[in-house]
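Here is the structure we will look at.
The values are calculated or read from the model by the stated rules, or taken from the named source; none is laboratory data. All values derive from a computational prediction rather than experimental measurement. Cβ atoms come from the backbone with ideal geometry, glycine included; neighbour counts cover every protein chain shown. Note: accessible area is taken over every heavy atom of the protein model, side chains too, but ligands, DNA and RNA are not part of it. Shrake-Rupley method; radii C 1.70, N 1.55, O 1.52, S 1.80 Å.
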Amino acid sequence: MTTNAEPRQSLAQARAQTDSLFNLVDPAALYERPIPERHRIIFYLGHLEAFDWNLLGRALDMPAFHAAFDHLFSFGIDPGSGDLPTDQPADWPEVDEVRDYNARVRGALDAALDLAPSNAPEELMHVAIEHRLMHAETFAYMLHHLPFEHKVPPAFSVAPSGPAPQTRMVEIPAGPATLGRKHGDGFGWDNEFDQHQVEVPAFSIAQHKVTNGDYLEFVKAAAAAPHFWICREGDWCYHGMFEDIPLPLDWPVYVSYEQAQAYARWKGKSLPTEAQFHRAAYAGGLGDHADFAGENVDFRSWDPEPVTASPPNRFGVSQLVGNGWEWTATPFEPFAGFQPFEFYPGYSANFFDGQHYVLKGGSPRTARCLLRSSFRNWFRTAYPYIYATFRLLEN
Ligand SMILES: [Fe+2]
């Protein structure tokens, strides 16, 4: 019999993580919509509990006590830019009603899990935990775009910065890359299966991520500035989570896929494919048992640090995992053998549309458990709000 003790502890930690984020929001701002393509903040307050209820409550055979909220808060949105949501604050329930619902969901689920922990399959517990931890990141970047006056900053520090470093192209020898996850090897989302090998020809990849300093040259040559930059009295600043600072030239630049592609073309280079990323990162020693202790990951900070702040892997390439997700040139598609989860059929399949591209690695706000090599992230090509970086490649 499984006791689910470890998942229960992880769920409690994940709840503490997301609770602390909601505590940063000025209550007067809970009906704001910091990102036009997403729901208002109030949706996310109800969503995490509604998701757990819809998943675990059903598995535990519990009767609904608020079917309207179970439905209202069930799923987020991902519209194209021509199809933005138009709902108004008054269309949403009062905060107190949502908080009451949340408390009741947690109380009922916890009581049921205490009584018969083995009734909640371990896979569903992992889905609930990782879903919540993914929102701990997506909600953080959403709050990033909420005006400072609506946030209550915790104690925080910002990494120092210096001039942009010289980068060099590192030769990666031809060889195999292992993508995906093996069945029976622990939890993975539907899109991580099946595991397979790809033979990757030799290529060269930049030692460092592209920096703000690098990208500034592109902006001076008439490219649009990234969404995270703001102009103050004629000088570029980085718009941080809790303050604006003079543009840190040696930090990675946060950009959309389209901006990353445009910069790479301007430089006569390209972005790595998902297989090339795997080859450079995981054949380079960043396996699933790496500790990532020196990397800017797992909620260590709110913003990036210099691209030179952590040591290179055994190929001589640094920060492939950490300090910002990395765009790949690979559209998000299923691996051979893909099977959607029966209890969440749209998790990946709704996004196999050629409009979303794969990101790998992880950001300062990515939970430790999501740094496994098989984990795949994906976003629309013009979406500029995320903690997404890139690096150059030469075939
Ligand atoms: Fe969600």
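Brief remarks follow.
- Debye-sum result for region 22-112 in log10 I(q)/I(0), which assumes one identical scatterer on each alpha carbon, at q = 0.10, 0.11, 0.21 Å⁻¹: -0.28, -0.34, -1.03
- Taking the inverse of the mean reciprocal distance over all distinct Cα pairs, the Kirkwood hydrodynamic radius of region 352-395 comes to 12.0 Å.
- These residues, LYS267, LYS209, LYS220, go from largest to smallest accessible area, 1.4 Å probe, as LYS220, LYS267, LYS209.
- Ranking by accessible area, most exposed first, for GLU233, GLU137, GLU149 with a 1.4 Å probe: GLU233, GLU149, GLU137
- The largest accessible area among LYS182, LYS360 belongs to the first residue in LYS182, LYS360, and the rest follow in falling order (1.4 Å probe, all chains).
- Over the C-alpha atoms of region 257-328, the Rg to Rh ratio, Rh being the Kirkwood estimate, stands at 0.98.
- Here the relative contact order of the chain, from alpha carbon pairs under 8 Å that lie six or more residues apart, stands at 19 percent.
- In the distance distribution for the chain, Cα-Cα pairs more than 40 Å apart total 15 percent.
- If the chain linking ASP185 and ALA116 were pulled fully straight, counting 0.36 nm for each residue of separation and taking away their Cα-Cα distance, it would gain 22.3 nm.
- When a 1.4 Å probe is rolled over the protein heavy atoms, the share of accessible surface on the chain that falls to carbon and sulfur comes to 52 percent.
- Distance distribution note for region 263-388: the fraction of Cα pairs above 17 angstrom is 61%.
- Calculated on alpha-carbon atoms, Rg and Dmax of region 79-168 in Å: 20.3, 59
- Charge dipole (Cα centre; +1 on Lys/Arg Cβ, -1 on Asp/Glu Cβ; no other charges) of region 240-395 amounts to roughly 360 debye.
- For region 137-267, the pair-distance distribution built from all alpha carbon pairs, in bins 5 Å wide starting at 0, is 2, 8, 13, 15, 14, 14, 12, 12, 7, 3, 0, 0 percent.
- The share of Cα pairs per 10 Å bin across region 1-54, counted from zero up to the longest distance, runs 20, 43, 26, 9, 2 percent.
- Positive-end residue of ALA281, LEU48, ALA12, charge dipole of the chain with Cβ unit charges: ALA281
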